[in-house]
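Below is one structure; the comments refer to it alone.
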Amino acid sequence: MDKDFSVFTAAYWKASAAELRKLNRLTLAAIIVALSVVIGYFSIPIAQNLHLSFTFLIVAFGSMIYGPLLGIFAGAVMDLVGYIAHPFGVFFPGYTLSSILGCFIYGLFLYRRRISVLRLFTAKLVVNLGVNVGLGCLWSQMLFGKGYWFFFVNSLIKNLVMLPIETILLTILLQLLLPVLTRAHLIPIQNNNRISLI
């Protein structure tokens, strides 16, 4: 990938905005939404309003291809469709915001970039601590009326423990798909079709 093509350039955001007009990207986003809803059925409860889910795999994969701006819309639809498909309590827009931010962050880190384990780890770190822990505990406090720190401890432990595991799973998935994705010109050509450490 061209070193000048970064999130701080107009070219990056023009390319990301262009994804909104591509039928194949919109179709992919719809498939990602559907798959995330299906995978969401198999989440494992851990504590009050805390569960283990592997939807991040499909969300990160989609955001890597169609970028942060289409990711915003995909994240919103993902949460709304997910709630309709298997509602849990009352609808709360805070979780829609979390879904949007998760897709946006994965897009920022992975769209049109060289994929590395460090990049995947950093993206997961920001999502896990910023969105899952930081915002997730705030939403739980607002919904259930208990103190922020009541939810914070369990959420922090769960997200820190899962961070290396999720990074490894994401690395394995993307490494398996890398040759196909680069041949289809869905992502930039990587170094020898391998995900590097750094």
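The values are calculated or read from the model by the stated rules, or taken from the named source; none is laboratory data. Since the structure is predicted, the reported quantities are computational estimates derived from the model, not experimental observations. In this analysis, Cβ positions are derived from the backbone assuming ideal geometry, glycine residues included, and neighbour counts consider all displayed protein chains. Accessible surface areas use protein heavy atoms only, side chains included; no ligands, DNA or RNA. Shrake-Rupley method; radii C 1.70, N 1.55, O 1.52, S 1.80 Å.
Summary table
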| read-out | value |
| --- | --- |
| Kirkwood Rh in Å, taken over all unlike Cα pairs in region 44-120 | 13.2 Å |
| Simple label model, 7 Å out from Cα along Cβ direction - A30 to L125, nm | 3.9 nm |
| Relative contact order [Cα under 8 Å, 6+ residues apart], the chain, whole percent | 20 percent |
| The chain: Lys pairs at Cα distance under 26 angstrom, eight or more positions apart or on different chains | 7 |
| Low-density loop positions, chymotrypsin sites (Phe, Trp or Tyr not before Pro), region 10-95 - DSSP coil, at most 11 other Cβ in 10 Å | Y41, F42 |
| Estimated distance in nm for a label pair at N191 and T9, the labels positioned 7 Å out from Cα along Cα-to-Cβ | 2.0 nm |
| Difference of contour (0.36 nm per residue) and Cα-Cα distance, M142 to L169 | 6.5 nm |
| Scaled radius of gyration (Cα, divided by 2.2 N^0.38 Å) that region 64-180 gives | 1.13 |
| Distance-filtered residues of region 88-120 - backbone nitrogen under 17 Å, label point 7 angstrom along R21 Cα→Cβ | none |
| Probe 1.4 Å, all protein chains present, accessible-area order of L143, L135, largest first | L143, L135 |
| Distance cut-off 14 Å, percentage of C-alpha pairs in region 113-154 lying past it | 53 percent |
| By accessible area with a 1.4 Å probe, ligands and nucleic acids excluded, highest first: order of K146, K158, K14 | K14, K146, K158 |
| Structure-derived Cα Rg over 2.2 N^0.38 Å: which label, when the choices are (i) 2.49; (ii) 0.95; (iii) 1.02 | (iii) |
| From phi via Karplus (6.51, -1.76, 1.60), per-residue ³J(HN,Hα) for region 118-125 in Hz, x at Gly/Pro | 4, 5, 5, 4, 5, 4, 5, 4 |
| Using distinct alpha-carbon pairs, which all enter the 1/r mean, Kirkwood radius of region 78-145 in Å | 13.1 Å |
